[in-house]
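Report on the following structure.
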Amino acid sequence: MKVAFQTLGCRVNVYDTEAMAEMFVQDGYTLTDFDSVADVYVINTCTVTHMGEKKSRQYIHRAKRQNPQAIVAVVGCLAQVSKDEVMAIEGVDVIVGSRDKRDVVFQVNRAMAEGKQIVAVSDSLLLNHKFEDLGVTGYEGKTRAFLKIQDGCNRFCSYCIIPYARGGISSKNPQVLLKEIEALAGNGYREVILSGIHIASYGQELAEKMDLLDLLEAVEQIPGIERIRIGSIEPMFFQGERLSRVLALTKLCPHFHLSLQSGCDATLKRMNRRYTAEEFAAVVKALREAIPEVSLTTDVIVGFPGESEGEFEETAAFLEKLQLTRIHTFKYSPRKGTPAFNFPNEVESAVKEDRSRRVMMISRRGEEKFLARHVGQVLPVLFEEGKNGVHLGYTPNYLQVRVPSAVNLQGKILPTKLTGLKGDVLQGEILVDLGFSQPS
C-alpha cells in the first residue's frame with residue numbers, strides 16, 4: 001500500500017513527518033508523492049497562523065478528492081487544539097495529537113480494519129513533560145543531520161497557540177542523543193542541527209541536570225562532528241556566563257535566529273515577551289563584537305492588536321538600525337484560545353499588508369549588505385549533493401554558496417573564495433586541488 005505525506009509549519013514538523021514516514025515504511029508501506037493516488041494520506045498540520053490552519057484544511061479536502069477510498073489521517077497541532085472541528089470535517093478517518101504520533105501507523109491500520117473514525121488526542125497536554133522520541137534522525141542534503149532535541153513551550157506569549165498545541169516542555173534523553181550523534185559522525189555526517197520548539201529550555205525538566213550549554217559542550221567533544229547549529233532561540237539566552245561559554249565553543253556555527261517579534265517596548269509588553277528592545281539590541285551588539293562574521297536573523301509580527309502607526313515606526317526604525325541578515329515577517333493572525341484573541345484595537349488587513357511589505361524591504365537591504373561584504377573572502381563551505389555540474393553549500397554563518405564542479409563535493413568542507421553574488425546566492429571558487437584525500 002502507498003502512503004503520502006504533506007507537512008505544514010516548522011522544521012520540527014518536518015522532522016516528525018520524516019519519522020512517521022519511516023514508521024510506515026517499516027510496516028510495509030511505500031512512500032509516494034502527495035499529489036499522486038495513495039491508500040493513506042497523512043497531513044501533519046500547523047495552527048500557528050490562520051494561513052497554516054487554512055492550508056491544513058485544504059490538503060485534507062485535496063487528499064479525499066484524489067482517492068475517495070483512501071484513509072486520511074490528520075496529525076499534529078491543528079488536531080491537538082481543534083479536535084472536535086477536525087472530527088467534523090468530512091473524509092477525516094484518523095485524528096492524532098501532537099504527542100501521539102508514535103502510534104500513527106497503528107491508528108491508521110485500525111481505521112482500515114474497523115471502518116470507523118479513530119481519535120487519538122491526549123488531554124492535559126500542558127502537563128505532559130515526557131519527550132516523544134520517534135526514534136529517527138532527519139537528514140538534510142545527506143551532509144547535515146537534523147535532530148529534534150526538545151518539544152513544548154512554557155513561555156505563553158499572548159499571541160501564541162504553541163503551548164496548547166505542543167504541550168509542556170520536554171527534552172530528549174541526553175545520553176540517547178549523544179549516542180545518536182556519535183553514530184552519525186561514524187556514518188560521515190559533518191554537521192548536526194539541534195532544534196526544538198523552545199530549545200533554550202532544553203533539560204529544565206530532566207533529572208540528569210544537563211542544560212543546552214552542557215549538551216553543546218558534550219557534542220563539541222564528539223570526533224567527526226565539525227559543525228553544530230542550533231535552531232531559533234530566545235535572545236536572552238546569550239547573556240553573562242552563558243555568552244562566555246558559547247564563545248568558547250569552536251564547532252558552534254556563528255548563525256543565530258533570535259526571536260524578536262517587535263522593536264517597540266509597548267508592543268512587546270502586550271505580547272508578553274520577556275525583554276525590551278534595548279536588551280535585544282545589547283545581545284546583538286555583544287554577539288557582533290565577539291563574532292564579527294556572525295549572521296543574525298529574526299522573526300517580526302506586524303499588525304499585533306493595538307499596534308499604532310507610531311509603534312510600528314518604532315519597530316521599523318529599530319530594524320533599520322540593527323541591519324540583521326534576514327527578517328522573517330508575519331502578519332498577526334488571531335488564534336482562538338490565546339489571550340490576544342480578545343485584545344481590542346485590531347489592525348486592518350490592508351495596514352498589515354503595508355507593514356509587512358515595509359519590513360521585508362528592510363530585510364532585503366540588510367541581507368544584500370551582509371552578503372555583499374563577504375565577496376572576496378575565503379570561507380570553509382560544507383557542500384551538498386551536486387546537480388548538473390553545480391554544487392551548493394553553506395558557510396559556517398549559513399550563507400549559501402554555488403560553485404561549478406564536475407567532481408562530487410558532497411559532504412566535503414572546502415576553502416572557497418566567494419567571487420560574486422547572484423540574487424541571494426554567493427558564487428564561489430574552490431581553492432584546493434580536487435584530487436581529494438579528505439574523507440567523503
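Here are a few things to note about the model shown:
- Residue under evaluation residue 246, criteria (1) part of a loop (DSSP other than H, G, I, E, B); (2) surrounded by 15 or more Cβ atoms within 10 Å (Cβ to Cβ), criterion not met: (1)
Condition check ((1) more than 25 Å from residue 309 (Cα to Cα); (2) aliphatic (A, V, I, L, M); (3) without any contact (Cβ under 8 Å) to a residue 12 or more places away in the chain; (4) not assigned by TED's automatic domain parsing to the domain that holds residue 356) across all residues:
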{"position": "236", "(1), (2), (3), (4)": "yes, yes, no, yes"}
{"position": "243", "(1), (2), (3), (4)": "yes, yes, no, yes"}
{"position": "277", "(1), (2), (3), (4)": "no, yes, no, no"}
{"position": "283", "(1), (2), (3), (4)": "yes, yes, no, no"}
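- The stretch 236-264 - residue that is more than 17 Å from residue 279 (Cα to Cα) and among the hydrophobic types (A, V, I, L, M, F, W, C) and, of those, farthest from the chain's Cα centre (by Cα): 248
- Scanning the stretch 285-304 for residues that are outside any loop (DSSP other than H, G, I, E, B) and not hydroxyl-bearing (Ser, Thr, Tyr) yields a total of 11.
- Test result for residue 191, surrounded by 15 or more Cβ atoms within 10 Å (Cβ to Cβ), assigned by TED's automatic domain parsing to the domain that holds residue 237 and over 24 Å from residue 257 (Cα atoms): no
- Residues within the stretch 196-217 that are under 19 Å from residue 249 (Cα atoms) and either among the charged types (D, E, K, R) or modelled with pLDDT under 95 (or both), tallied: 4
- Selected residue (criterion: nearest to the chain's Cα centre (by Cα)) from residues of the stretch 204-235 that are of a type in the set (A, V, I, L, M) and assigned to a loop (DSSP other than H, G, I, E, B): 225
- Among residues of the stretch 285-305 being among the charged types (D, E, K, R) and touching a residue at least 60 places away in the same chain (Cβ under 8 Å), the one that is nearest to residue 374 (Cα to Cα) is 293.
- Filter result for the condition that a residue is crowded, with 17+ Cβ neighbours inside 10 Å and not β-branched (Val, Ile, Thr), over 340, 290: 340
- Which listed residue, of 277, 281, is closer than 29 Å to residue 211 by Cβ, in contact with a Gly (Cβ under 6 Å, 6 or more places away or on another chain) and surrounded by 15 or more Cβ atoms within 10 Å (Cβ to Cβ): 277
- Any hit, the stretch 39-51, residues being without any contact (Cβ under 8 Å) to a residue 60 or more places away in the chain, assigned to a strand (DSSP E or B) and farther than 23 Å from residue 124 by Cβ: yes
- Residue count, the stretch 278-333 (criterion: closer than 18 Å to residue 351 by Cβ and over 21 Å from the mean Cα position of the chain (by Cα)): 16
- Odd one out for residue 149, checked against (1) out of contact with any Asp or Glu (no Cβ under 9 Å at 6 or more places or on another chain); (2) closer than 30 Å to residue 260 by Cα; (3) assigned by TED's automatic domain parsing to the domain that holds residue 68: (3)
The values are calculated or read from the model by the stated rules, or taken from the named source; none is laboratory data. Treat the numbers as computed from the prediction; the structure is a model and nothing was measured. Neighbour counts run over all protein chains shown; Cβ positions are idealised from the backbone, glycine included.
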